[in-house]
1. Counting pairs of alpha carbon atoms under 8 Å apart in space and at least six apart in sequence, what relative contact order in percent does the chain give?
2. Could you tell me whether region 197-350 comes out rounded, prolate or oblate from its Cα gyration tensor? Rule is a ≥ b ≥ c as square roots of the eigenvalues, rounded for a/c under 1.5, then prolate if a/b exceeds b/c, otherwise oblate.
3. Determine the percent antiparallel among the DSSP beta bridges restricted to the chain, to the nearest 5.
4. For the chain, with every protein chain kept in place, what is the accessible area per residue (1.4 Å probe, Å²)?
5. Would you mind putting 246-253, 388-395 in packing order, based on average other-beta-carbon counts within 10 Å, highest first?
6. Taking a virtual spin label 7 Å from the Cα of T303 along the C-beta vector, which residues in region 66-109 bring their backbone nitrogen under 20 Å of it?
7. Hey, could you get me the Stokes-Einstein D for region 287-327, Kirkwood radius over alpha-carbon pairs, 37 °C and 0.692 mPa s, rounded to whole µm² s⁻¹?
8. Classify region 310-429 as rounded, prolate or oblate, taking a ≥ b ≥ c as the square roots of the eigenvalues of its Cα gyration tensor: rounded when a/c is under 1.5, otherwise prolate if a/b is larger than b/c and oblate if not.
Amino acid sequence: MRPTAPLILAAAATVLVAGSLTACGSGSRSDPDTVRVVYNRSTDNNVRFKDQFLESMKKEFEKAHPGKKIQLVPIQAPDDDYATKAQQMMRSPRTAPDLVYEDTFRINSDIEAGYLRPLDAYLAKWPAWSHFVDTAKAAAKAGDGKTYGVPDGTDTRGLWFNKRLFAKAGLPADWHPRTWADVLDAARTIKKKVPGVIPLNVFTGKAPGEVAVMQGFEMLLYGTGDNPLYDPAAKKWVAGGKGFKDALDFVRTVYGEKLGPDPSDALDANINTTVGTELLPESKLAIDLDGSWLGQFWLAKGTRKWPEWSTTLGQAPMPTQRGQAPGQVSMSGGWTWAIPQKSGNAALAWEFIQQLQQKENAVRWDVADAQIAVRDDVAADPAYLNSMPGIKFFTSLVKNTHYRPALPVYPQVSSAIGEALESVTSGDSTPAGAAKSYDDQLKSITGGAVVDRTG
């Protein structure tokens with residue numbers, strides 16, 4: 001999961017809704033000329049990129065639509081609290097906003113709850129929709145085949161490596177591993193020829209949460225074959241998967257051979273921040289399986305200035321297990337703009353979505369928030385391509401990226417994966433034993449909705 005600098009602040013933050021919820025009580029239907037827009041405001045008061053962008057969009061929209069108004073309703077809260085507050089508002093026509101910013105991670109559960117309305121009728125007449133890549137379109141599509149949100153960006157994941165440490169180890173500056181074995185071989189070479197350096201970081205364990213499950217384990221799992229976690233055709237979760245055990249075995253190898261951070265550090269909740277602000281900038285880590293946003297740490301306004309990062313670090317796609325097609329794997333998250341089912345002003349809300357996604361505005365947003373473009377025309381724009389070193393590489397991963405199964409039980413499934421990771425990292429269980437425990441939990445979590453691939 002993409003981390004944010006204000007994680008520590010978020011833990012103590014309370015839900016703050018800027019603007020009056022009393023005003024919401026009259027319901028948007030009382031004013032057909034106003035679009036109420038609910039979005040998540042950063043819990044770090046120094047971070048206002050989104051607020052500034054939306055304020056500029058509000059002015060632009062109201063100028064182009066005389067007599068119409070945009071009412072911005074920011075909710076300043078950690079992600080879970082933001083989602084809860086938005087859901088509470090969407091339950092009633094009196095409080096439902098006209099537009100809501102939705103994490104793709106949660107959009108299907110909100111669809112299932114009846115909070116959102118399909119956008120297919122709008123999308124069918126919208127030329128810009130043809131510019132969105134298929135994987136991004138799928139992220140906002142429900143089991144009924146209808147689309148409920150318009151994504152405005154994403155993130156991708158791959159391998160970062162320190163070219164100076166690679167030179168000391170005799171490894172190439174244009175490193176491009178083809179298989180998992182290539183990755184492990186490079187880490188073993190680093191361990192042998194550059195002692196004192198951590199060869200390879202793969203996030204793991206329970207405490208880091210989705211940082212470990214999505215960014216570590218699923219980057220491996222989705223490189224083992226088709227639909228290794230959830231079978232969309234059967235609408236069941238996968239138990240007894242060989243790929244699951246193989247991915248756990250990779251993690252066991254990293255920590256069993258002491259190629260990764262010390263397990264006590266790897267299992268710490270703050271390991272992702274430590275990697276970004278200490279281990280990589282101080283050249284204490286040679287290879288890191290991580291996200292597209294890391295450069296944000298090291299910019300002039302970042303939390304750890306590191307001007308040399310763009311020349312010191314290289315990037316490579318994470319390979320599939322044995323180099324099988326398409327040869328590389330990535331995982332993505334991202335957010336969408338969705339229209340609540342009980343919005344009283346849906347047509348005007350759709351007008352505002354189109355305003356947000358005019359090409360030049362889509363470029364502005366992706367640059368301002370270090371997003372990875374989900375549109376081919378934005379991805380080709382020079383302003384976007386030159387916005388940050390590495391942006392071309394991470395954009396190239398979008399075509400082969402995967403999204404998590406955005407189903408209501410996924411958070412519990414994720415927790416069970418974290419337990420399996422922790423047990424193999426600490427050495428308390430073998431990959432086979434940890435996978436068996438996961439399968440047992442999976443059957444309980446899903447009420448037996450599993451497809452068994454043991455055979």
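1. Reported relative contact order: 25 percent.
2. Cα axes put region 197-350 in the oblate bin.
3. Values: 25 of 44 bridges.
Close to 55 percent.
4. Value for the chain: 41 Å² per residue.
5. Working: 246-253: 23.1, 388-395: 18.4.
Highest-to-lowest ranking by the protection proxy: 246-253, 388-395.
6. It comes to 76-82, nothing else.
7. 271
8. Taking the square roots of the gyration eigenvalues as a ≥ b ≥ c, region 310-429 is oblate.
The values are calculated or read from the model by the stated rules, or taken from the named source; none is laboratory data. Predicted model, so just to flag it, every value in this text is computed and none were measured. Positions of Cβ are backbone-derived with ideal geometry, glycine not excepted, and every protein chain shown enters the neighbour counts. The accessibility values were calculated without ligands, DNA or RNA, using every heavy atom of the protein model including side chains. Shrake-Rupley method; radii C 1.70, N 1.55, O 1.52, S 1.80 Å.
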